[in-house]
Amino acid sequence: MTDEPPIDVIAPEAMEASRPNAPRGGVGLADDFVMALRFFSRLPTGSSPHQKPDLNRIAMAVPLASVAIGLGPVLLLIGASLIGLPPYFAAALAVASMVLVSGAMAEDALADAADGLFGGQSVARRLEIMKDSRHGTYGVAALCLFIVLRLTGLGAVAASNPLSAGAIWLAASIVGRSGAMWLAVALPAARPDGISAAAGAVTGRAFAVGAVFAGVLLFVLAGPATNLVAVGCSIAALLVVIFGWTALSKALVGGQTGDLIGALGALIEIAVLCALLPFA
């Protein structure tokens with residue numbers, strides 16, 4: 001025997017519990033909703049710890065987040081039209097508010113994607129252009145057309161039925177953001193250091209959950225404002241845009257980036273509006 005005092009044995013779980021840990025956010029619909037809001041908008045989301053964006057989680061919550069993002073601009077469109085402002089002026093105010101609420105993410109992504117895909121002659125050059133914050137001719141043209149198509153389409157419908165215009169726009173923005181997630185399912189990240197690579201891929205299951213939710217909202221919002229034929233046409237239009245953009249992205253850069261995902265959301269929104277507006 002020795003005269004040394006006995007050594008206390010500390011359980012491993014006690015040692016683990018005593019280590020300092022960074023605050024963690026939860027995992028669930030509410031936390032995924034907050035993550036999606038922080039990723040796609042500038043809306044206040046409280047003081048909960050910020051988590052690294054995870055596209056797989058965002059894909060399931062983005063339809064609900066899109067309702068929160070689009071509700072203010074839609075109400076502005078409806079309210080401004082009902083109080084007697086000219087419909088195109090009301091539409092301009094609403095589109096401007098959407099740009100502010102979303103942090104102009106779709107607009108910036110569309111401009112970057114147009115510059116990169118159509119202004120570069122090689123994969124490396126296209127990716128380099130997309131990463132550049134400056135916009136060229138293709139980008140400016142795409143950005144202007146996106147805003148003009150949104151404004152004129154909504155203004156035309158708001159002139160006769162502001163409620164229908166708001167419902168159609170909200171439905172189009174919901175399926176736009178949700179449908180754009182397909183790019184992260186179908187294609188790998190085009191660059192290892194990009195935002196989409198850091199946020200991870202989207203599984204088919206996560207995309208399907210979000211897509212079904214978005215489809216239900218499309219039916220609930222756009223159905224009463226148009227009819228079932230219009231909803232069917234809008235689904236066909238968004239599928240053509242999704243698979244066409246996926247094929248173009250694969251052919252020109254070999255994968256997807258955050259700009260390409262954001263641009264796809266903008267293109268889906270316009271395609272759905274084009275399909276719904278004639279029936280409004």
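Where a number appears in this text, it was derived from the coordinates with a stated rule and is not lab data. Just so it is clear, the model here is predicted, and its values are computed rather than measured. Quick reminder, even Gly has a Cβ in these numbers, built from the backbone with ideal geometry, and neighbours come from all protein chains shown.
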>> Test of understanding: in a Gaussian network model of the chain with alpha carbons linked when under 10 Å, which of ALA59, ALA142, ALA91 would top the mean-square fluctuation ranking?
In response: ALA142
> For ALA104 and ALA30 in the same chain, what is the full-extension length gain: residue separation times 0.36 nm, less their Cα-Cα distance, in nm?
Replying inline: 24.2 nm
>> Under a Cβ-only charge scheme (Lys and Arg +1, Asp and Glu -1), can you give me the dipole magnitude of the range 78-170 about the Cα centre, in debye to the nearest 20?
In response: 80 debye
>> Using +1 at the C-beta of Lys and Arg and -1 at the C-beta of Asp and Glu, which of THR152, VAL67, THR45 has the Cα lying farthest in the positive direction of the dipole of the chain?
In response: THR152
> Which of ALA225, ALA90, ALA236 moves most in a GNM of the chain, Cα contacts under 10 Å?
Replying inline: ALA236
> the range 118-174 to the range 197-233: how many Å between their Cα centroids?
Replying inline: 20 Å
> Between VAL229 and THR203, what is the spin-label point distance in nm, taking each point 7 Å from the Cα along the Cα→C-beta axis?
Replying inline: 4.1 nm
> How far, in degrees from 0 to 90, does helix 258-276 lean away from the longest principal axis of the Cα atoms of the chain, to the nearest 10?
Replying inline: 40 degrees
> Of VAL101, MET35, PRO86, whose Cα points farthest to the positive end of the dipole of the range 20-123 (charges on the beta-carbon: +1 Lys, Arg; -1 Asp, Glu; origin at the Cα centre)?
Replying inline: MET35
> Where the only charges are on Cβ atoms (+1 Lys, Arg; -1 Asp, Glu), what is the dipole of the chain about its Cα centre, to the nearest 20 debye?
Replying inline: 940 debye
> Measuring from a point 7 Å past the Cα of LEU239 along Cα-to-C-beta, which residues in the range 156-179 have an amide N at less than 18 Å?
Replying inline: 175-176, 178-179
>> Using a 7 Å offset from Cα along Cα-Cβ at LEU145, what residues in the range 90-133 end up with backbone N under 14 Å from the label point?
In response: 110-119
> Angle between the Cα long axis of helix 55-82 and the longest principal axis of the chain, 0 to 90 degrees, nearest 10?
Replying inline: 40 degrees
> Fully extended, how many nm does the chain gain between ARG125 and LEU85 (0.36 nm per residue separation, minus their Cα-Cα distance)?
Replying inline: 9.8 nm
>> Spelling out what I want: for every residue of the range 85-98, take phi, set θ = phi - 60°, compute 6.51 cos²θ - 1.76 cosθ + 1.60 (Karplus), and round to whole Hz; glycine and proline get x.
In response: 5, x, x, 6, 5, 4, 5, 5, 4, 5, 5, 4, 5, 5
> Once the Cα atoms of helix 105-119 and of the chain are each reduced to a long axis, what angle between those two axes, in degrees from 0 to 90 to the nearest 10, is obtained?
Replying inline: 80 degrees
>> Taking 0.36 nm per residue of sequence separation and subtracting the Cα-Cα distance, how much length would be gained by fully extending the chain between SER133 and SER48, in nm to one decimal?
In response: 27.6 nm
>> Normalised radius of gyration for the range 208-280, please: alpha carbon Rg relative to 2.2 N^0.38 Å, two decimal places.
In response: 1.19
> Which residues' amide hydrogens lie under 5 Å from the amide hydrogen of ALA189, considering only partners 5 or more residues apart or on another chain, with H built in the peptide plane?
Replying inline: GLN256
